[in-house]
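Nothing in this text is a laboratory measurement; each read-out follows from the coordinates by a stated rule. The model shown is predicted, which means the values in this text are computed figures rather than measured ones. Neighbour counts run over all protein chains shown; Cβ positions are idealised from the backbone, glycine included.
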Amino acid sequence: MPVLEIEDLSVSYGAVHALTDVSFSAAEGEVTAVLGANGAGKTTLLRAITGLVRPRKGTVRYDGEQLEKMSVEKIVRHGVAHVPEGRSVIEEMTVDENLRLGSLFRFSRRQRGPVIEEIYALFPPLAERRRQHANTLSGGERQMLAIGRALVSRPKVLLLDEPSLGLAPIVTARLMAVLRDLTQASNLIVVLVEQNARSSLSIAQKAVVINLGRVVVCEDAAKVAGDSELRHHYLGY
Amino acid sequence: MQFFLNITLGGIATGMIVAAVALGLVLIFRATNIVNFAQGAMAMMTTYIAYAVLHQGSGYWLAFVAALATGLLFGALTQVVLIRPLQGKSPLNAIIVTFGFLIFLEGVAGAIWGSQTRTYPAPFSEAGQKIGNTQIAFSPFDVFVVLAVLALMILMLVLFRGTDLGLRMRAVAFAPETARLLGVRVRPLLTLGWALSAAAGVLAALLVVPTSSLTPNFMDVILIYGFTAAVVGGLDSPVGALVGGLATGLSLAYVGGYLGGSLEPMAALALVIVSLMIRPEGLFARPAPRRV
């Protein structure tokens, strides 16, 4: 069973150590929640997996390949989709163009239509706005578009950076439900970075807690959610 | 009335050439935030090559195609050799490099071909036409100018709006990192952008050279008007380049026609000042991102 395996990963920005010896693995059909305070290194972890920053040492292995040696474009083409923080839709393009862009490298012109329709079925609010420019969308719709655009290439690994940031609780809950179903239905490997520990633990099977660039907890999500001392200490609730 | 009509037509012809220059500037600016000062000089070098082809005994159209092809290649090469090494640094570095390249190219052209004026032919008559009893100052060559630039604009529009390649190029222009995360190979697209921009510049040069004649600095003035047009239209909008070009061409024509030719450059500056005061982001600039 293919897993995403991160071993001894260290990243520095000049003299600042953002990540130190981070190791964990994420399995198929499971959501792995990466939790931690602001500045813990969660975003850096995702950026290192997709090659946007290069690790000082350590490896990222997936499906028999060592990702840390590949270019960003190649990693993405290998089936790793990354939705960065801040609903990174391209505002100058329409909803449809954003989705088409996501499908380009995987599907031929013919195949694209049906694949994009699947995304509209998954996120119906987007279907009503397909000809609108992305800058007219609400926060929740943008997040749907950003995630939909990542899914349209049928990735096997999905990296999500703070998808619930700035969303109303009910929108977050709906998004999490979609993610949970999708992970099981398509046997995805999902790495979910969140500050909102409560909602991400509700759909995660595994939890990795990062503090000051180091992994301090790597456990079953249910265990972390049930450990009030740990929650209090690192997750603040 | 006839005088007004004539200078309006003249303004439109000039405006279309200016629009082609502006389009070249916009193509590079919106992809990389670099203003390419060397665009005019690059087109000038290419025009000298076309001149050489022409005097080999080839016809006008062979030289025309050769110039466009050389322009594409020259643009791509410039990006790979001069601009790519500066990627990731401040755009100001690259802007200063393009300025240096402008001076370098004009020096090289002067050293090779001297500063004497050469005439470059037009493919069609440059004489105005008589319609009924009225003399119209719009020649068959002016018609060609308008059609050629319109064709360029339509080609760009089809490329950007109708093809996958254009979708990728727009993605790289608007959000390079997001584009990479969607599997777009950014580097070749930047090179292509420079190639297309240089070709637009070469087209402008070929359209202006029959009236201005060929010297190492014959593109300087038209480049300044191109900047005017690009700023008026909004530096990242191809449609803005067309409208800005026409606005610039018409302002120049009216000021030149009614107030005297020596005031023309002032007209361009006045247009920039007014448009920056009223709409600093340019007429057709993309809307500022609205955070919800």
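Data overview
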| item | result |
| --- | --- |
| Residue in the stretch A:20-30 that is crowded, with 18+ Cβ neighbours inside 10 Å, more than 15 Å from A:VAL209 (Cβ to Cβ) and of a type outside the set (Gly, Ala, Ser) present | yes |
| Failed item, numbered, when B:SER262 is tested on (1) assigned to a helix (DSSP H, G or I); (2) within 14 Å of another protein chain (Cβ to nearest Cβ); (3) surrounded by fewer than 18 Cβ atoms within 10 Å (Cβ to Cβ); (4) of a type outside the set (Lys, Arg) | (2) |
| Number of positions in the stretch B:72-120 that are within 21 Å of the chain's Cα centre (by Cα), of a type in the set (Ser, Thr, Tyr) and over 28 Å from B:LEU152 (Cα atoms) | 0 |
| Search result, residues across the stretch B:170-225 that are of a type outside the set (Ser, Thr, Tyr), out of contact with any Ser or Thr (no Cβ under 9 Å at 6 or more places or on another chain), surrounded by fewer than 22 Cβ atoms within 10 Å (Cβ to Cβ) and under 22 Å from B:PRO265 (Cα atoms) | B:ASP220, B:ILE224 |
| Residues satisfying the stated conditions in the stretch B:130-178, i.e. within 10 Å of chain A (Cβ to nearest Cβ) and either in contact with an Asp or Glu (Cβ under 8 Å, 6 or more places away or on another chain) or in contact (Cβ under 8 Å) with a residue 40 or more places away in the chain (or both) | B:LEU167, B:ARG170, B:ALA173, B:PHE174 |
| Restricting the stretch B:94-132 to residues that are of a type in the set (D, E, K, R) and more than 30 Å from B:LEU5 (Cα to Cα), the residue that is surrounded by the fewest Cβ atoms within 10 Å (Cβ to Cβ) | B:ARG118 |
| Output for the stretch B:2-34, where each listed residue is β-branched (Val, Ile, Thr) and surrounded by fewer than 24 Cβ atoms within 10 Å (Cβ to Cβ) | B:ILE7, B:THR8, B:ILE12, B:THR32, B:ILE34 |
| Flag for B:THR211 being within 14 Å of another protein chain (Cβ to nearest Cβ) and polar (S, T, N, Q) | no |
| Conditions (1) out of contact with any Leu (no Cβ under 8 Å at 6 or more places or on another chain); (2) within 14 Å of another protein chain (Cβ to nearest Cβ): number failed by B:GLY234 | (1) |
